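Chemist: Pasting a structure below so you can have a look.
The values are calculated or read from the model by the stated rules, or taken from the named source; none is laboratory data. Values in this document were obtained by computation on a predicted structure and should not be read as measured data. When we count neighbours, we look across all protein chains shown, and the Cβ atoms used for this are built from the backbone with ideal geometry, even at glycine. Side chains included, ligands, DNA and RNA excluded: accessible areas come from the protein's heavy atoms. Shrake-Rupley method; radii C 1.70, N 1.55, O 1.52, S 1.80 Å.
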Amino acid sequence: MNTLDCLDYTLYFGEDSYQALNDYLEKNEKNLSKIFILTDENTNEHCLPILLANSALGEVEIIEIESGEQNKNIETCVQLWETLAELGADRNSLLINLGGGVITDMGGFVATTFKRGIRYINVPTTLLSQVDASVGGKTGVDLGNLKNEVGVFSYPELILIDTQYLNSLDNRQLKSGFAEMLKHGLIMDKLHWETLLYSFETLDFDQLGNLIYDSVSIKKKVVEADPKEMGLRKILNFGHTIGHAVESTLLGTENEILHGEAIVLGMITEAYLSHKVSGLSEDEMNAIKQELNRIYPKIDTSILNFDTVMKYMGHDKKNVKGEVKFSLLSSIGKCEFNCVCTLQMIQESFEFYNQA
């Protein structure tokens, strides 16, 4: 089987994933009281038929929520806990989370906290969730505009990754997920970064499956070395300190952007900080900016209130005693964590981003 063992669970890829699911169901048949599938309106229409056609799930209860980051909050969790209770879920129930990062993050959190924990399986259906949210055991929800502010580390029974689900995504959503793959290359594997750049123009789903596997493998190595993000795992946040702050600033406005688009802005600005603080060469700094600008449109930063961006950066989970901590590159393929930058450097990084 095409698999990756990660901490207390296994990731299954492609057609092998459904055999793994069916084997799991058969093995645990006597221990599972009810099976629930969490979807949104998009995955219910486009992805649920694929899952049901390829698995031996039998009788299931479908729970549908509205899509979108704005629904990734504790209020939706309350609705889901109440629905599970009304439908007779008990501690031997199984929740299958079929969707993008919102569904898998929130579904994992709901399962982990309902009756002090029921089992769950993640079936990520966006490129972003397949290469990022699927690995590492982070679950949770937003607190207002603060990303993933409430949550716990917990692990699914297994994760199924199938590129069939990506056929329902538009190009913008695919490129959003591609940004996280590029980040994996920048922080740990220069060859992966170069392969992704070379492959981008002619990318097909067969090739994408192999690249997803490689990208997930990079994240797996980091997570296994530091499961609770006490040290090395912080490098996965390259581009996210500024990127998350910009994403939160624009969330719910007419200028709202996708996660990957925010992270691209974050990677360019933090490449500048890397040059100033952690030794990234000027040539590599400029190459990162040039390549990312080739793939992604620029964000109009004139709509941003810098004080608001800094406020959100103040809530970054890497911070210690109010000091903003960055993960920055020393070269393409190598990253350091707990780096400190001045306010002036951060302002300059946005000037660098805006330069032609």
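Chemist: Could you tell me whether Leu328 is open to solvent by 20 Å² or more (accessible area, probe 1.4 Å) and of a type in the set (A, V, I, L, M, F, W, C)?
Modeler: Spelling it out, it is not the case that Leu328 is open to solvent by 20 Å² or more (accessible area, probe 1.4 Å) and of a type in the set (A, V, I, L, M, F, W, C).
Chemist: Within region 255-299, track down each residue that is open to solvent by 20 Å² or more (accessible area, probe 1.4 Å), under 20 Å from Thr342 (Cα atoms) and without any contact (Cβ under 8 Å) to a residue 40 or more places away in the chain.
Modeler: Across region 255-299, the qualifying residues are His275, Glu282.
Chemist: Looking at this structure, is Tyr24 crowded, with 18+ Cβ neighbours inside 10 Å, farther than 25 Å from Leu169 by Cα and not hydrophobic (A, V, I, L, M, F, W, C)?
Modeler: Considered against the rule, which asks whether it is crowded, with 18+ Cβ neighbours inside 10 Å, farther than 25 Å from Leu169 by Cα and not hydrophobic (A, V, I, L, M, F, W, C), Tyr24 comes out as yes.
Chemist: Return the residue satisfying two criteria in turn: it lies in region 99-137 and is of a type in the set (A, V, I, L, M) and within 19 Å of Asn237 (Cα to Cα), and of such residues it is surrounded by the fewest Cβ atoms within 10 Å (Cβ to Cβ).
Modeler: Let us first name the residues in region 99-137 that are of a type in the set (A, V, I, L, M), namely 102-103, 106, 110-111, 118, 121, 123, 127-128, 131, 133, 135.
Filter once more, so that each one left must be within 19 Å of Asn237 (Cα to Cα): 102, 127-128, 131, 133, 135.
Working: Val102: 24, Leu127: 27, Leu128: 26, Val131: 26, Ala133: 26, Val135: 28.
Among residues in region 99-137 that are of a type in the set (A, V, I, L, M) and within 19 Å of Asn237 (Cα to Cα), the one surrounded by the fewest Cβ atoms within 10 Å (Cβ to Cβ) is Val102.
Residue-wise test of (1) modelled with pLDDT of 95 or more; (2) more than 22 Å from Ile161 (Cβ to Cβ); (3) open to solvent by 10 Å² or more (accessible area, probe 1.4 Å); (4) hydrophobic (A, V, I, L, M, F, W, C).
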| position | (1), (2), (3), (4) |
| --- | --- |
| Leu203 | no, no, yes, yes |
| Asp206 | no, no, yes, no |
| Gly209 | no, no, yes, no |
| Glu229 | no, yes, yes, no |
| Arg233 | yes, no, no, no |
| Leu236 | yes, no, yes, yes |
| Ile242 | yes, yes, no, yes |
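Chemist: Is it the case, given these coordinates, that Asn2 is in contact (Cβ under 8 Å) with a residue 40 or more places away in the chain, open to solvent by 20 Å² or more (accessible area, probe 1.4 Å) and not β-branched (Val, Ile, Thr)?
Modeler: When the stated conditions are applied, Asn2 passes them.
Chemist: Are there any helices (runs of 4 or more DSSP H) wholly within region 3-95 with 2 or more residues that are under 30 Å from Asn145 (Cα atoms), and if so which?
Modeler: 41-46, 74-86
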